[in-house]
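One structure is given below, encoded as structure tokens.
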Amino acid sequence: MTDVMEMKKAHTVLKQWSYEWKPLDKGYTDKILYINLSRNEVGAKDVPPLMKEKFIGGKGYGLRLLWDATKHNTCWNDPENEINISSGPVGGITQYSGTGKAICVSISPQTDIPIDSNVGGHFGPFLKFAGFDALEIQGKALNDVIIFIDGINHKVEIFDAPLEPVNSHLLAENLHEMFSDEEKDKKNVAVVSAGIAADHSLIGMLNFSFYDPKRKLVRLKQAGRGGIGTVFRDKKIKALVVKIPGVKGNLNNVVDLDSIIERGKKFNKEMRELDDSQCQMRAIGTAHLTNIMNDYDLLPVNNFKFGSHKDADKIHANVWKSRFTQGIPDGCWIGCNMSCAKGIDNYELRTGPYKGSKVIVDGPEYESTSSLGSIMGIFNPDFTIETNFYCDTYGICTITWGTTMGFIMECFENGILNEERTGGLKLNFGNADAAMELLHQLARGEGFGLIAGKGVRMMKKIFAEKGWGDPQFMQDIGMENKGLEYSQYVSKESLAQQGGYAMTNKGPQHDEAWLIFMDMVNNQIPTFEKKAEALHYFPMFRTWFGLMGLCKLPWNDVEPENNAQTDEPAKVPEHVDNYVTIYKAVTGKEFDKKELIRMSERVYNFQRIFSIRRGYGLRKHDAQPYRAAGPVTAEEYESRAERYDKQMKEIIGVDPVGKSTVEKLAITRKYREDRYEKLLDAVYQRRGWTKNGVPKIEHLKNLGMDLPELLEVVGPLQD
């Protein structure tokens, strides 16, 4: 194998640019690093005052930069498309948990609209400490390049990198070593990479590294959604690297450090005293949800047909707990006491190009325990762990891959696909060997793997054009909305969660609204008006995390002991107050929980209008596949016949006795589809949108977002 020194010697510097570094001021540098790979251009832009006021940071900065850089019809693989990465004013503080996030923004290969994907690791904060609130990358390189942001000597380099491996677990290790003077220096380096499967698919994702000093290993966190890794590789970027002198107490130069410390200590006490009796994030991370979802019939099984399975105990939270290395502070950012970034050490791979290697597997998170398991009808932890590793190093989103595989397997079992069409792979539910081989095929750029790498929306189109199956059936079972595959919760019995998925700006990702327990289990939002209020508040509240550089998990995955006695326990009001206090302490600005929501509304409505500018973002684009709302097949209905018959009699008002399953399916579908349309009406009204889902001019004026370029888009579309 090529060693690191040989790799370094093969570099050809294409551009070197020096910059003046200044300390941050109240969480901001007010500088954007702009790179155009077509021209090997590097420079700094000032953040315009209007952009700082209206778009705040993180997701807001990424979207504003992308809007300004692209046209209404810019394609994802046009050099004009960008990858923008930004943290936020709170990002990088070390006195409160969950402040290491960044947001990546681009025109998505899957959806053709702006995608935003949040990610941990160290790159986001390090970029800011190196001198930049955002990184804006445009153009395409001729050959594979590495971009190095040197926050010690204050220069940026672009160089050809012909010898480094593409796959992330090797590349990140190589680059941490290459850019470190000694072992203890590795913690001051962060790398962004994709992987070889991103070269051959629309569903590529990005890995953001961080060095784990306890393990003395480089670890990875993922910006998974929407194919940004595919854009990254299309631009011929092999990696981004940033290096800083180190992290110390107040690099953000906040106004009131004592207030942040006080809130951080209080939160850390909750983690110490309450986590073991609540979610066990320090021991299991998000994988603690697996058996809970199964118990409530919410675990996606066989492409979301079912919500539970008799073999789910094989992937129970305690199984993952036994696999995860315990007693290690598993935070993906400095000072985070949630320690939920679990890992499996010294895992020996059984398949693929690294067979026999012992590796660290980051996760699996809950999303991967289901997407790389139950959704395929596979209940084998080793399959999930190995697939998790390969998805990460190959640069493939685990959520997207799992939902894609669920669709493929259901198509196979319904004769839409067969072994001739899949190149000899028997892709039925439960076939772990065939599923693993398909992933390796994608990485090699071979066979049916290339079709799978296009995602569900494109496969529906391809299969229909070839005459392989009924387009309506494929539409019903193809779990995508706006071109993005569903994340891993069964939403059939939660109308609010159906909206929380299909009404998202970017496509069905649970980071906007996770309302299943409020809606289905606790019945806290029974009316359309209450559901609409929840589908206003929670997406806006969660959007704020993406503006700030915050992780949402510390908000509600451990709760104060008295939270259930508060007026609005679902909002965790004490933690909301923590965030209000922290924002004020960082920036020195007057701020309250109402302005928090308005701040998010400005960016949220901007993103909706961005989609409209691109020819999307209307009511028809918020339609959901019927599988998300109810049973598609007779097998599905009959598996829960008692429930559905009871609902038909007591809620719909139709006696199911004497009716065939086909008749009952039709009655149930008509009712559920009508309910979803009523929900759209209620939510649009609450959000200040027209019945077609277009932000009203009056609402934009109230928010202070009546910018001329936005009014130009929405003006002709008002009711």
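Please enumerate the residues belonging to segment 1-21 that are modelled with pLDDT of 95 or more and part of a loop (DSSP other than H, G, I, E, B).
The answer is Ala10, His11, Tyr19, Glu20, Trp21.
With among the aromatic types (Phe, Trp, Tyr), at pLDDT 95 or above and within 30 Å of Glu559 (Cα to Cα) as the only criterion, which of Trp320, Trp401 stands out?
One residue alone meets the criteria, Trp320.
What tally of residues in segment 587-618 results from selecting those that are touching a strand residue (DSSP E or B) at 6+ places or on another chain (Cβ under 9 Å), closer than 20 Å to Tyr61 by Cβ and among the aliphatic types (A, V, I, L, M)?
1
Here are the criteria: (1) out of contact with any strand residue (DSSP E or B) (no Cβ under 8 Å at 6 or more places or on another chain); (2) farther than 17 Å from Thr384 by Cβ; (3) of a type in the set (Phe, Trp, Tyr); (4) surrounded by 22 or more Cβ atoms within 10 Å (Cβ to Cβ). Tell me which single one Trp320 does not satisfy.
For Trp320, the exception is condition (2).
From Val714, Val662, Val657, grab the single residue that is at pLDDT 95 or above, within 24 Å of Gln498 (Cα to Cα) and either crowded, with 19+ Cβ neighbours inside 10 Å or not assigned by TED's automatic domain parsing to the domain that holds Gln475 (or both).
Being at pLDDT 95 or above, within 24 Å of Gln498 (Cα to Cα) and either crowded, with 19+ Cβ neighbours inside 10 Å or not assigned by TED's automatic domain parsing to the domain that holds Gln475 (or both) holds for just one of Val714, Val662, Val657, which is Val662.
Take Ala161 and tell me if it is in contact with a Leu (Cβ under 7 Å, 6 or more places away or on another chain) and more than 25 Å from Lys454 (Cβ to Cβ).
No; evaluated as a whole, the condition is false for this residue.
On the given criteria, is Gly246 part of a helix (DSSP H, G or I), among the small types (Gly, Ala, Ser) and at pLDDT 95 or above?
No: the conditions fail for Gly246.
Look through segment 220-253, keep the residues that are closer than 18 Å to Leu127 by Cα and among the charged types (D, E, K, R), and return whichever of them is surrounded by the fewest Cβ atoms within 10 Å (Cβ to Cβ).
First, the residues of segment 220-253 that are closer than 18 Å to Leu127 by Cα: 220-223, 232, 237-253.
From the residues that got through so far, the ones that are among the charged types (D, E, K, R) too are 221, 238, 243, 248.
Values: Lys221: 26, Lys238: 23, Lys243: 23, Lys248: 9.
The selected residue is Lys248.
Step by step: first the residues of segment 692-706, then only those that are free of Cβ contacts under 8 Å to residues at least 40 places away in the same chain and not acidic (Asp, Glu), then the one that is farthest from Met51 (Cα to Cα). Which residue is that?
Looking at the filtered set, the residue picked out is Lys696.
How do the pairs read when you match residues in segment 254-266 that are within 17 Å of Pro89 (Cα to Cα) with residues anywhere that are surrounded by fewer than 16 Cβ atoms within 10 Å (Cβ to Cβ), using Cβ under 7 Å and keeping only pairs 6 or more apart or on different chains?
Val254/Lys26; Val255/Lys26; Val255/Gly588; Leu257/Asn250
Evaluate segment 65-85: report whether one residue or more is crowded, with 24+ Cβ neighbours inside 10 Å, within 24 Å of the chain's Cα centre (by Cα), at pLDDT 95 or above and over 20 Å from Gly204 (Cβ atoms).
Yes: segment 65-85 contains one or more residues that are crowded, with 24+ Cβ neighbours inside 10 Å, within 24 Å of the chain's Cα centre (by Cα), at pLDDT 95 or above and over 20 Å from Gly204 (Cβ atoms).
For segment 588-642, which residues satisfy the criterion of being surrounded by fewer than 17 Cβ atoms within 10 Å (Cβ to Cβ), of a type in the set (Asp, Glu) and touching a helix residue (DSSP H, G or I) at 6+ places or on another chain (Cβ under 8 Å)?
Of everything in segment 588-642, those that are surrounded by fewer than 17 Cβ atoms within 10 Å (Cβ to Cβ), of a type in the set (Asp, Glu) and touching a helix residue (DSSP H, G or I) at 6+ places or on another chain (Cβ under 8 Å) turn out to be Glu590, Asp592, Glu638.
Name the strands (runs of 3 or more DSSP E) wholly inside segment 154-227 in which the number of residues that are modelled with pLDDT of 95 or more and among the small types (Gly, Ala, Ser) is 2 or more.
Ranges flagged: 189-193.
(1) buried (at least 22 other Cβ atoms within 10 Å of the Cβ); (2) part of a helix (DSSP H, G or I): which one isn't true of Thr581, the others all being true?
Of (1) buried (at least 22 other Cβ atoms within 10 Å of the Cβ); (2) part of a helix (DSSP H, G or I), only one is false for Thr581: (1).
Would segment 118-135 turn up any residue that is closer than 24 Å to Asn481 by Cα and assigned by TED's automatic domain parsing to the domain that holds Lys236? Outline the logic, then answer.
Quick first cut of segment 118-135, residues closer than 24 Å to Asn481 by Cα only: 118-119.
Narrowing further to those that are assigned by TED's automatic domain parsing to the domain that holds Lys236: 118-119.
Looking for residues that are closer than 24 Å to Asn481 by Cα and assigned by TED's automatic domain parsing to the domain that holds Lys236, one finds at least one in segment 118-135, hence yes.
Of everything in segment 394-406, what is of a type outside the set (Gly, Ala, Ser) and touching a strand residue (DSSP E or B) at 6+ places or on another chain (Cβ under 8 Å)? Give them in sequence order. Walk me through it before giving the result.
Just the residues of segment 394-406 that are of a type outside the set (Gly, Ala, Ser), to begin with: 394, 396-401, 403-405.
Scanning segment 394-406 gives Ile396, Cys397, Thr398, Ile399, Thr400, Thr403, Thr404.
Can you pull out every residue in segment 563-588 that is over 18 Å from Lys54 (Cα atoms) and touching a residue at least 12 places away in the same chain (Cβ under 8 Å)?
Listed by number, the residues that qualify are Ala570, Lys571, Val572, Glu574, His575, Val576, Asp577, Asn578, Tyr579, Thr581, Ile582, Ala585.
In segment 297-306, how many are in a loop (DSSP other than H, G, I, E, B) and either of a type in the set (A, V, I, L, M, F, W, C) or under 11 Å from Ser370 (Cα atoms) (or both)?
6
If I filter segment 398-410 for residues that are under 24 Å from Lys355 (Cα atoms), of a type in the set (Ser, Thr, Tyr), in contact with a Phe, Trp or Tyr (Cβ under 8 Å, 6 or more places away or on another chain) and crowded, with 24+ Cβ neighbours inside 10 Å, do I get at least one hit?
Within segment 398-410 (the criterion being under 24 Å from Lys355 (Cα atoms), of a type in the set (Ser, Thr, Tyr), in contact with a Phe, Trp or Tyr (Cβ under 8 Å, 6 or more places away or on another chain) and crowded, with 24+ Cβ neighbours inside 10 Å), the answer is no, since none of the residues qualifies.
Does Pro364 count as surrounded by fewer than 18 Cβ atoms within 10 Å (Cβ to Cβ), in the same structural domain as Leu427 (by TED's automatic domain parsing) and either out of contact with any Asp or Glu (no Cβ under 6 Å at 6 or more places or on another chain) or at pLDDT below 95 (or both)?
On the way: surrounded by fewer than 18 Cβ atoms within 10 Å (Cβ to Cβ): no; in the same structural domain as Leu427 (by TED's automatic domain parsing): yes; either out of contact with any Asp or Glu (no Cβ under 6 Å at 6 or more places or on another chain) or at pLDDT below 95 (or both): yes.
Against the criterion (surrounded by fewer than 18 Cβ atoms within 10 Å (Cβ to Cβ), in the same structural domain as Leu427 (by TED's automatic domain parsing) and either out of contact with any Asp or Glu (no Cβ under 6 Å at 6 or more places or on another chain) or at pLDDT below 95 (or both)), Pro364 does not qualify.
Going through segment 563-578 one residue at a time, which ones are touching a helix residue (DSSP H, G or I) at 6+ places or on another chain (Cβ under 8 Å) and assigned to a loop (DSSP other than H, G, I, E, B)?
Thr566, Asp567, Val572
Of all residues in segment 464-481, which are touching a helix residue (DSSP H, G or I) at 6+ places or on another chain (Cβ under 6 Å) and part of a helix (DSSP H, G or I)?
Ala464, Pro471, Met474, Asp476, Ile477
Asn481 passes all but one of (1) within 26 Å of Val694 (Cβ to Cβ); (2) surrounded by fewer than 23 Cβ atoms within 10 Å (Cβ to Cβ); (3) polar (S, T, N, Q); which number fails?
Every condition holds for Asn481 apart from (2).
Can you pull out the residues in segment 158-212 that are of a type in the set (Gly, Ala, Ser) and either in contact with a Cys (Cβ under 6 Å, 6 or more places away or on another chain) or surrounded by fewer than 21 Cβ atoms within 10 Å (Cβ to Cβ) (or both)? Steps first, please.
Our first condition is that a residue be of a type in the set (Gly, Ala, Ser); within segment 158-212, this holds for 161, 168, 172, 180, 190, 193-195, 197-198, 201, 204, 209.
Within segment 158-212, Ser180 is the sole residue that qualifies.
Among the candidates Asp674, Asp681, single out the residue that is loosely packed, with under 15 Cβ neighbours inside 10 Å, closer than 15 Å to His536 by Cα and at pLDDT 95 or above. Break it down into steps so the answer makes sense when it comes.
Details: Asp674 fails: closer than 15 Å to His536 by Cα.
Criteria check complete, one pass: Asp681.
Could you please find all residues in segment 269-296 being surrounded by 15 or more Cβ atoms within 10 Å (Cβ to Cβ), of a type outside the set (Val, Ile, Thr), part of a helix (DSSP H, G or I) and within 26 Å of the chain's Cα centre (by Cα)?
Matches in segment 269-296: Met271, Asp275, Met281, Arg282, Ala283, Gly285, Ala287, His288, Leu289, Asn291, Met293, Asn294.
The values are calculated or read from the model by the stated rules, or taken from the named source; none is laboratory data. These numbers come from a predicted model, not from an experiment. All Cβ positions, glycine included, derive from the backbone under ideal geometry; neighbour counts span all protein chains shown.
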